[in-house]
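Take a look at the structure below.
The values are calculated or read from the model by the stated rules, or taken from the named source; none is laboratory data. Since the structure is predicted, the reported quantities are computational estimates derived from the model, not experimental observations. Don't worry about glycine lacking a Cβ; one is built from the backbone with ideal geometry, like all the others, and counts go over all protein chains shown.
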Ligand SMILES: Nc1ncnc2c1ncn2[C@@H]1O[C@H](COP(=O)(O)OP(=O)(O)OP(=O)(O)O)[C@@H](O)[C@H]1O
Ligand SMILES: [Mg+2]
């Protein structure tokens, strides 16, 4: 039972990180119908920006600001940096291909992913970077928390899950309630008709990249708070993020959240009850099963081709 | 109908040049709008030469090419050159196979390298001491190709009803599954039966007509392997060429141009996708056998993502859809990657390519002289200033010197030790400068070009040369993006008008 | 000539899709408060004309002048901000959004939402049915209802010029009449209109002037009352 609770907590943490990544895929796919392969690497860059900001603020052992402010600041730095990166990627690698055959931006995205990953390796090497969250406030993030039975839910986990969900709710409100959010939905349904309403489609697309990349940046920090990061994490995390997006129904926001959680739980439980070695494989098997049985995902509508 | 005819007439009348519009617009299909210039051949004297060359039949080119490659070992005694030539032919084979899937089928296959692995493993299982099957190569090699093709069919199956992106995902996951399984094969099948991350060792070399071909004689690469690879290349090239000219080849083309229309016209779209997949997979698997036979072993680490990107870059750079193009792409990238390994070569490559690129874009004009002169002058000024401020800033030694290296350190600032912030700042600055260059026009562009060139030299000397491994892949990624954005049809790709 | 400057003027427009020359030297004018109909067979370039006016496609040569400003190089959203609006071919409602949200999108450029409420009232009084359906998803509406919403959406922005692409397409005869009534009503309120139609009889009966396009050229133009009598036009479009 204790193991079960422990794994559920792990699944929740992991799942909310995946959900944040998945949202980025969904937002961009919703509007451009483009699988942004570079998204996982934006996430990786986010974890590095967070690390850099942490060092600037004195590091975990001697932070210059209170812990809560430190966490907020490094998350904001990562979000801002990634948002900028997202805009640059869109402008230079995708926008020129807006009307090219479908395969062209996909290949460009592969190139961006590769370029980012190895540029980071070139600049920072492939060593691991540890946020060392354990040293913050004398381990408060790990020792404090509340108990379920005999299991302690550490504060860090609570913070990660809570802030991930807060971000998702903000996104949800942004997309459903605001003028720009509605313009985004209109654009993803029918780009030309949206333009006919006076919506500046280019701006909307940039906005989607800003939102998605910022979420990836936040996810990068959350990920790196619980385990060391390195320049290679982007590939697998990106893969899982878009698996989550596909499971939930790509283009759908609640779908991305649900998909992320499903994936997080699946991974945590396989790791706990079977073996770490097979957890990645399981993720892929779930995905392929989904694609066979319900290719549109949990929340997606079947793809109707325009004839 | 009448409309149709007038349209066609208009088409032949020729069209006025497109007026420049600022940036891409919705509905204004630049791809389409620029199709005229993309399709038009070259004018002038070069155009005449080009037209002449086009009349030479493909098999003549092929023969000439094979003859040149076959003659290489005669000119170059060194095992290194032979080995590089062999690796290049392997890349050519891989590129030909991927071209079937991407260039002809128009499908994004991200599991391609796994099929290469399937072939390599199949051959290893059929020929390694460990399994004691020792099938003759005339059985094991075709068997590996067939297994590869069948696995290709299997992987293609779930993607039957799926649109392009989903196919990419399924194949990417297949790739991951392949990697997971091959890395963990020892724990799946038992350590006595599979090697897992340690791979399969002691695979027999090729044997022809009852005689084993030793991999090397007196430490020098056995040139016979190059000839075997070349023979494979010719067979695959011709076979694919014939396949492309067949009914299936034409159907592939229409599938790629407009999948929906192809489906509506009653083409067996799924079957066509599957055959393209299977063809590509079979070629990859076939290639895998050769490499395994040569190396005498196979390891899961060979089949990683960077290899996939490498082959993609070859196909895209050369021009997806054109066999000659992807072969040229394979040679270019293979040689490039080889040169980037050694600091001396890499430096040479950098300066030569930079100057060539400048000449290519600016021609022999005054602007070229200004840019070159300006960059040189800027370099000497910066160098002497830096040296005057702090001697250690220019005290670094050229990596793997040579005369060019010595000369370069007289011009580029190479500090004896780099502060940790210099690398990211200069690199990110370079990327930003290059991206900005693409936005600028006219004088501003020339003005920014000068410091960008110098910054590039600085980054190359101080950052890239020190880390050849990520440099090679950064360069590949950059080529991939640049080609897609600037010239999606590649060097020799079929220039075609897209249907909107 | 001291005729008043028209609201919209296309001069010497040539539009291409890739290599294909669609509009050829098209000259069209719409005066302030005028109702002009644009006729032509399938693929004659009517929709392309409207898209050129809006800047969704850019002409290779020629100029679009609107309300005294040369808008040829300006963005679609600028033009719409200046007072154009369109009821597109096939309505093109935003299916997964509610009717209300669709109307909001029509007033997208009205940032601060001043008078938004009055605008809704205005649309609802013009189309009572839209009010009933306001929280239904637009994709689930019937064709006729969609047409109402599409018109309502276009009117949300108080256009000076309303472009309509085949408003009668796919509607039952009663509804066709109803939508022409509404067109007239809107026109009488002072909005200039350029109405693309296949149904030439109907279109000319309410229009002030008309243009006929054929394979991308204006082949006929004139007063609606004269066009309706024109022999060639009768043969080509009005049937017997
Ligand atoms: N995006 C596009 N790309 C290429 N050709 C196009 C595009 N849109 C329209 N065309 C072509 O332009 C021509 C004119 O199309 P347009 O839509 O303007 O015709 P139309 O007069 O509105 O016809 P209809 O009455 O059928 O709506 C047609 O031949 C059409 O195939
Ligand atoms: Mg039309």
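Of the residues that sit in segment C:161-175 and are in contact with a helix residue (DSSP H, G or I) (Cβ under 8 Å, 6 or more places away or on another chain) and more than 16 Å from ligand 1 (Cβ to nearest atom), which one is nearest to residue A:194 (Cα to Cα)?
Here the residue is C:162.
Is it true that some residue in segment B:297-316 is touching a strand residue (DSSP E or B) at 6+ places or on another chain (Cβ under 7 Å), under 23 Å from residue B:183 (Cα atoms) and assigned by TED's automatic domain parsing to the domain that holds residue B:213?
Yes - at least one qualifying residue is present in segment B:297-316.
Between A:186, A:140, A:193, which is within 14 Å of chain C (Cβ to nearest Cβ), over 22 Å from residue A:213 (Cα atoms) and part of a helix (DSSP H, G or I)? Step through it out loud before you land on a result.
Details: A:186 fails: over 22 Å from residue A:213 (Cα atoms); A:140 fails: within 14 Å of chain C (Cβ to nearest Cβ).
After ruling out the rest, the residue left standing is A:193.
Report yes if residue C:90 is over 16 Å from residue C:212 (Cα atoms) and assigned to a loop (DSSP other than H, G, I, E, B), otherwise no.
So residue C:90 fits the description; yes.
Enumerate the pairs (first residue in segment A:55-70 and without any contact (Cβ under 8 Å) to a residue 60 or more places away in the chain; second residue anywhere and exposed (fewer than 12 other Cβ atoms within 10 Å of the Cβ)) with beta-carbon separation below 8 Å, excluding pairs fewer than 6 apart on the same chain, so at least 6 apart or on different chains.
A:57/A:64; A:58/A:64
Return the residues of segment C:202-217 that are in contact with a helix residue (DSSP H, G or I) (Cβ under 6 Å, 6 or more places away or on another chain), assigned to a loop (DSSP other than H, G, I, E, B) and within 15 Å of ligand 1 (Cβ to nearest atom); say none if nothing qualifies.
Selection gives C:215 alone.
Does residue B:450 meet the test of being over 18 Å from residue A:122 (Cβ atoms), more than 10 Å from chain A (Cβ to nearest Cβ) and assigned to a loop (DSSP other than H, G, I, E, B)?
Here the answer is no, as residue B:450 does not meet what is asked.
If I ask for residues that are farther than 19 Å from residue A:188 by Cβ, away from ligand 1 (no atom under 16 Å from the Cβ) and touching a strand residue (DSSP E or B) at 6+ places or on another chain (Cβ under 8 Å), which ones from segment C:79-109 would you list?
C:79, C:82, C:83, C:84, C:85
With respect to residue A:113, determine if the residue is within 22 Å of the chain's Cα centre (by Cα), surrounded by fewer than 22 Cβ atoms within 10 Å (Cβ to Cβ) and touching a residue at least 60 places away in the same chain (Cβ under 8 Å).
Taking the combined requirement at face value, the residue does not satisfy it.
Determine whether segment B:446-456 contains at least one residue that is within 22 Å of residue B:369 (Cβ to Cβ) and surrounded by fewer than 15 Cβ atoms within 10 Å (Cβ to Cβ).
Scanning segment B:446-456 turns up at least one residue that is within 22 Å of residue B:369 (Cβ to Cβ) and surrounded by fewer than 15 Cβ atoms within 10 Å (Cβ to Cβ).
Kindly indicate whether any position in segment A:224-237 is away from chain B (no Cβ under 14 Å), farther than 29 Å from residue B:182 by Cβ, touching a residue at least 40 places away in the same chain (Cβ under 8 Å) and buried (at least 21 other Cβ atoms within 10 Å of the Cβ).
yes
Determine, yes or no, whether residue C:158 is more than 16 Å from ligand 1 (Cβ to nearest atom), modelled with pLDDT of 90 or more and either within 11 Å of chain A (Cβ to nearest Cβ) or part of a strand (DSSP E or B) (or both). Don't jump to the end; show me each part of the working.
Numbers: more than 16 Å from ligand 1 (Cβ to nearest atom): yes; modelled with pLDDT of 90 or more: yes; either within 11 Å of chain A (Cβ to nearest Cβ) or part of a strand (DSSP E or B) (or both): no.
No, not satisfied.
Any chance segment C:26-48 includes a residue that's in contact (Cβ under 8 Å) with a residue 60 or more places away in the chain and facing chain A (nearest Cβ under 9 Å)?
Looking for residues that are in contact (Cβ under 8 Å) with a residue 60 or more places away in the chain and facing chain A (nearest Cβ under 9 Å), one finds none in segment C:26-48, hence no.
Looking only at segment A:78-97, which residues are crowded, with 18+ Cβ neighbours inside 10 Å and free of Cβ contacts under 8 Å to residues at least 40 places away in the same chain?
The answer is A:92, A:96, A:97.
Regarding residue C:153, is this residue under 22 Å from residue C:54 (Cβ atoms), away from ligand 1 (no atom under 16 Å from the Cβ) and either modelled with pLDDT of 90 or more or not assigned by TED's automatic domain parsing to the domain that holds residue C:7 (or both)?
On the way: under 22 Å from residue C:54 (Cβ atoms): yes; away from ligand 1 (no atom under 16 Å from the Cβ): yes; either modelled with pLDDT of 90 or more or not assigned by TED's automatic domain parsing to the domain that holds residue C:7 (or both): yes.
Here the answer is yes, as residue C:153 does meet what is asked.
How many residues does segment C:22-67 contain that are buried (at least 22 other Cβ atoms within 10 Å of the Cβ), assigned to a strand (DSSP E or B) and away from ligand 2 (no atom under 16 Å from the Cβ)?
The total comes to 5.
Within 11 Å of chain A (Cβ to nearest Cβ) and crowded, with 17+ Cβ neighbours inside 10 Å: is that true of residue C:113 in this structure?
The answer is no for residue C:113.
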